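For reference, the structure discussed in these notes is given below.
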Amino acid sequence: MYNPFSLEGKTILVTGASSGIGRAAAIECSKMGATVVITGRNKERLDETYLQLHGEGHIQLVADLKEEESISYIIDNVPVLDGCVNNAGITVTLPTSFINKDALNNVLQVNTISPILLTQSLVKNKKIKNGGSIVFTCSTSGVYNAVVGNAIYSASKGAINGFMKNAALDLAAKNIRVNAVSPGMIHTNILESGIISEEQLKEDMKKYPLKRYGEPEEVAYAMIYLLSDASKWITGSNLLIDGGLTLL
Ligand SMILES: NC(=O)c1ccc[n+]([C@@H]2O[C@H](COP(=O)([O-])OP(=O)(O)OC[C@H]3O[C@@H](n4cnc5c(N)ncnc54)[C@H](OP(=O)(O)O)[C@@H]3O)[C@@H](O)[C@H]2O)c1
């Protein structure tokens, strides 16, 4: 059947696949025909994702992206890829005057340094095919807007957005495309941690023109587009997925 959005025959690496957006991305990519390589720190949660994948031949790699040797471990164990979703990420809420070096290092290591080093290693080791596609999970925060207490997180995502654009330019000669998605608030573990009360969430949702937060699958669909041949003339773009929030 004609489908330019199909991922049939493609192999896609998804980081942060043990939860939330990464889990949805891995599952939805597999439903679109891809073989996926999933990574995350937590083996149990990664197993839960693995069990929900469609089709066969998928690979799981338990790796902590804070450890530099994890990058070599992933490189040594991934087949040649058609796509990579650099999605693993963490957040911290600290007003600017309370920022400290540990918190800064922690968030930048996972959200910025590791995805950059992983991308560099994948390309250097010829693990991304000619015609391949790399997608970063950015955020509205740090790219399109700002949120109180979110300075470190915003810095990490703003930096990845800058890297994405330059890498798109550098890798165009190899016919490798590099893009990003920037979600607004999405229903994942972040919201279920209890830090933000039910009431606060309801109030916050009203700020969205579409009057709700997004679902992980709604981000995954945008990733699928950027991974598929349907987007083969798109590179260096950051796709906003925010229910209209940043229109205001
Ligand atoms: N949810 C939102 O509202 C939202 C909005 C905009 C952007 N984002 C971005 O979307 C991405 C996914 O977030 P999410 O909402 O899906 O969060 P999540 O449910 O908390 O998932 C985060 C994922 O990142 C992985 N991870 C964290 N630290 C890691 C490390 N040191 N090494 C390897 N993997 C690590 C986690 O693995 P473990 O399970 O092993 O801990 C998990 O798979 C992040 O980059 C986040 O910044 C989220």
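In region 146-193, which residue that is assigned to a helix (DSSP H, G or I), of a type in the set (S, T, N, Q) and away from the ligand (no atom under 11 Å from the Cβ) is surrounded by the fewest Cβ atoms within 10 Å (Cβ to Cβ)?
Of everything passing the filter in region 146-193, ASN166 is surrounded by the fewest Cβ atoms within 10 Å (Cβ to Cβ).
Return yes when ASN105 is out of contact with any Leu (no Cβ under 9 Å at 6 or more places or on another chain), under 26 Å from GLY131 (Cβ atoms) and not hydrophobic (A, V, I, L, M, F, W, C) and no when it is not.
no
Condition first: crowded, with 18+ Cβ neighbours inside 10 Å, touching a Pro at 6+ places or on another chain (Cβ under 8 Å) and either assigned to a strand (DSSP E or B) or in contact (Cβ under 8 Å) with a residue 60 or more places away in the chain (or both). Can you find one or more residues in region 113-133 that meet it?
no
Consider VAL110 carefully, then state whether it is out of contact with any Ser or Thr (no Cβ under 6 Å at 6 or more places or on another chain) and not in a strand (DSSP E or B).
yes
Please state which one of SER114, SER182, SER156, SER197 is touching a helix residue (DSSP H, G or I) at 6+ places or on another chain (Cβ under 6 Å) and of a type in the set (Gly, Ala, Ser).
SER156
Being basic (Lys, Arg), assigned to a helix (DSSP H, G or I) and free of Cβ contacts under 8 Å to residues at least 40 places away in the same chain is the requirement here; does LYS211 meet it?
It is false that LYS211 is basic (Lys, Arg), assigned to a helix (DSSP H, G or I) and free of Cβ contacts under 8 Å to residues at least 40 places away in the same chain.
What number of residues within region 201-246 are more than 15 Å from the chain's Cα centre (by Cα), β-branched (Val, Ile, Thr) and surrounded by 17 or more Cβ atoms within 10 Å (Cβ to Cβ)?
Summing the residues that are more than 15 Å from the chain's Cα centre (by Cα), β-branched (Val, Ile, Thr) and surrounded by 17 or more Cβ atoms within 10 Å (Cβ to Cβ) in region 201-246 gives 1.
Take the residues in region 194-204 that are outside any helix (DSSP H, G or I) and on the phi < 0 side of the Ramachandran plot; name whichever of them is farthest from the ligand (Cβ to nearest atom).
Among those residues, the one meeting the criterion is SER197.
Under 8 Å by Cβ, and 6 or more places apart or on different chains, what pairs join a residue from region 168-191 that is more than 18 Å from LEU81 (Cβ to Cβ) with one that is acidic (Asp, Glu) and in a helix (DSSP H, G or I)?
Once the first residue is more than 18 Å from LEU81 (Cβ to Cβ) and sits in region 168-191, its partners that are acidic (Asp, Glu) and in a helix (DSSP H, G or I) give MET185/ASP204; ILE186/GLU218.
Which of the numbered conditions does ASN111 fail, given that it passes all the others? Conditions: (1) under 23 Å from GLY22 (Cβ atoms); (2) more than 12 Å from the ligand (Cβ to nearest atom).
(2)
Residues that are of a type in the set (Val, Ile, Thr) and more than 9 Å from the ligand (Cβ to nearest atom): list the helices (runs of 4 or more DSSP H) wholly contained in region 1-107 that include at least 1 such residues.
It comes to 20-31, 69-77.
Quick note: the coordinates plus some simple rules give every number you see, no bench work behind them. Owing to the predicted nature of the structure, the values given are computational and were not obtained by experimental measurement. Using ideal geometry, Cβ is built from the backbone for each residue, glycine included, and neighbour counts are taken over all protein chains shown.
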